[in-house]
Amino acid sequence: MDLWDCPAIVTGAASGLGAETARHLAEAGAKVTVIDIDAAGLETLANEIGALAIPCDIADEPAVEAAIAQAKAAHGAARVLVSCVGLAEPHRIIDQGAAMPLESFRRLVEVNLISTFNVMRLVSADMAELKGGMDGERGVIISTASVSAYEGQIGEAAYAASKGGITSLILPAARELGAFGIRVVGIAPGLFSTPTLFKLEQDLEPRLAQSVPFPRRFGDPAEFATLVLHVIKNTMINGTVLRLDGGYHK
Ligand SMILES: NC(=O)c1ccc[n+]([C@@H]2O[C@H](COP(=O)([O-])OP(=O)(O)OC[C@H]3O[C@@H](n4cnc5c(N)ncnc54)[C@H](O)[C@@H]3O)[C@@H](O)[C@H]2O)c1
């Protein structure tokens, strides 16, 4: 798909993988809308790349519905959606004899999984109304999973479950939305250097990086964004979750 003048939405765009993806999309000429709960970070990015910034909590259903409508009014219905929102708050199921508060599991699944589906359903309904391009393609939806979907660690029960949900969502969504010329793809990153989410892992970087077969380092967010752009351009990639991890297994 040609990105020139193409309406694109990136969620979780104030930081890390989402911010770099928004930069790459804007450089390629897309009309980018960025969504994030961090209003200040979002504003800085939007000014830098000339995007429309819509601050909102991705778990707030009416706010998200309004955000998608606002993006559509400004740029037209999106042909590209990249969901990068992510929370990763480690919690043991039993911590010092006490059961994990259910609310912490619920919030994480709400933010990581349910919001990803919510944005997918709203954006795809608008996408399905667009005129088809080459091969009848109307758009592409990319959701960010994690290698934790397959190899979650102790403390990651909620995070891994939320990412496993995204991973399992990709194929049925691609099968259904293919009828409308919409592709659905997941990306499962390994270890990436991002400012906030994986601060803990970054502190352990020298040791952890040694467990990446090659290259022995954390991924650069630009490497994630480059894959996003490739997925958008390569129409044959559909209904799959692509690991981007240097061969790393947790
Ligand atoms: N960095 C890694 O190593 C890594 C590995 C595997 C998967 N991931 C996934 O990649 C995605 C991006 O992660 P990142 O490393 O760039 O993290 P990040 O913390 O830098 O970015 C996440 C963004 O999500 C936003 N966000 C959090 N809760 C929100 C909410 N309720 N509403 C709206 N926005 C909200 C944050 O403000 C932040 O800007 C996440 O889905 C994460 O799970 C990252």
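The values are calculated or read from the model by the stated rules, or taken from the named source; none is laboratory data. Model, not experiment: these values are computed from the prediction. Every residue, glycine as well, gets a Cβ built from its backbone with ideal geometry; the counts of neighbours run over all protein chains shown.
With the stretch 91-181 as the region, which helices (runs of 4 or more DSSP H) entirely inside it contain at least 3 residues that are in contact with a helix residue (DSSP H, G or I) (Cβ under 7 Å, 6 or more places away or on another chain) and of a type in the set (Val, Ile, Thr)?
Those helices (runs of 4 or more DSSP H) span 115-127.
Can you tell which of Ala26, Ala19, Ala13 is small (Gly, Ala, Ser), within 13 Å of the ligand (Cβ to nearest atom) and assigned to a helix (DSSP H, G or I)?
After ruling out the rest, the residue left standing is Ala19.
Could you grab the pairs with beta carbons closer than 9 Å, sequence gap of 6+ or different chains, first residue in the stretch 221-237 and under 14 Å from Arg23 (Cβ atoms), second one at pLDDT below 95 and among the aromatic types (Phe, Trp, Tyr)?
Short answer, once both residue conditions are applied: Pro221/Phe192; Glu223/Phe192; Phe224/Phe192.
Looking at Ala53, Ala66, can you tell me which residue is under 20 Å from Leu25 (Cα atoms), of a type in the set (A, V, I, L, M, F, W, C) and either outside any loop (DSSP other than H, G, I, E, B) or touching a Gly at 6+ places or on another chain (Cβ under 9 Å) (or both)?
Ala53
Yes or no, residue by residue, for (1) crowded, with 24+ Cβ neighbours inside 10 Å; (2) not small (Gly, Ala, Ser):
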| residue | (1), (2) |
| --- | --- |
| Trp4 | no, yes |
| Ile9 | yes, yes |
| Ala13 | yes, no |
| Gly18 | yes, no |
| Ala22 | yes, no |
| Asp38 | no, yes |
| Ala59 | no, no |
| Val64 | no, yes |
| Gln70 | no, yes |
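Taking Met127 and the conditions (1) within 16 Å of the ligand (Cβ to nearest atom); (2) closer than 17 Å to Arg183 by Cα; (3) of a type outside the set (Asp, Glu); (4) surrounded by 19 or more Cβ atoms within 10 Å (Cβ to Cβ), which numbered condition does it fall short on, given that it satisfies the others?
Only one criterion in (1) within 16 Å of the ligand (Cβ to nearest atom); (2) closer than 17 Å to Arg183 by Cα; (3) of a type outside the set (Asp, Glu); (4) surrounded by 19 or more Cβ atoms within 10 Å (Cβ to Cβ) is unmet by Met127, namely (1).
Residue by residue, here is whether (1) more than 23 Å from His230 (Cα to Cα); (2) away from the ligand (no atom under 14 Å from the Cβ); (3) surrounded by fewer than 23 Cβ atoms within 10 Å (Cβ to Cβ); (4) hydroxyl-bearing (Ser, Thr, Tyr) holds:
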{"residue": "Thr144", "(1), (2), (3), (4)": "no, no, no, yes"}
{"residue": "Tyr150", "(1), (2), (3), (4)": "yes, no, yes, yes"}
{"residue": "Ile154", "(1), (2), (3), (4)": "yes, yes, yes, no"}
{"residue": "Ala158", "(1), (2), (3), (4)": "yes, no, no, no"}
{"residue": "Ile182", "(1), (2), (3), (4)": "no, yes, no, no"}
{"residue": "Pro189", "(1), (2), (3), (4)": "no, no, no, no"}
{"residue": "Pro195", "(1), (2), (3), (4)": "yes, no, yes, no"}
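Do we find a residue being modelled with pLDDT under 95, on the phi < 0 side of the Ramachandran plot and among the aromatic types (Phe, Trp, Tyr) anywhere in the stretch 166-186?
Among the residues of the stretch 166-186, not one is modelled with pLDDT under 95, on the phi < 0 side of the Ramachandran plot and among the aromatic types (Phe, Trp, Tyr), which makes the answer no.
Residues that are farther than 15 Å from Val119 by Cα, acidic (Asp, Glu) and either within 13 Å of the ligand (Cβ to nearest atom) or in contact (Cβ under 8 Å) with a residue 12 or more places away in the chain (or both): does the stretch 43-55 have at least one?
Yes; the residues of the stretch 43-55 include at least one that is farther than 15 Å from Val119 by Cα, acidic (Asp, Glu) and either within 13 Å of the ligand (Cβ to nearest atom) or in contact (Cβ under 8 Å) with a residue 12 or more places away in the chain (or both).
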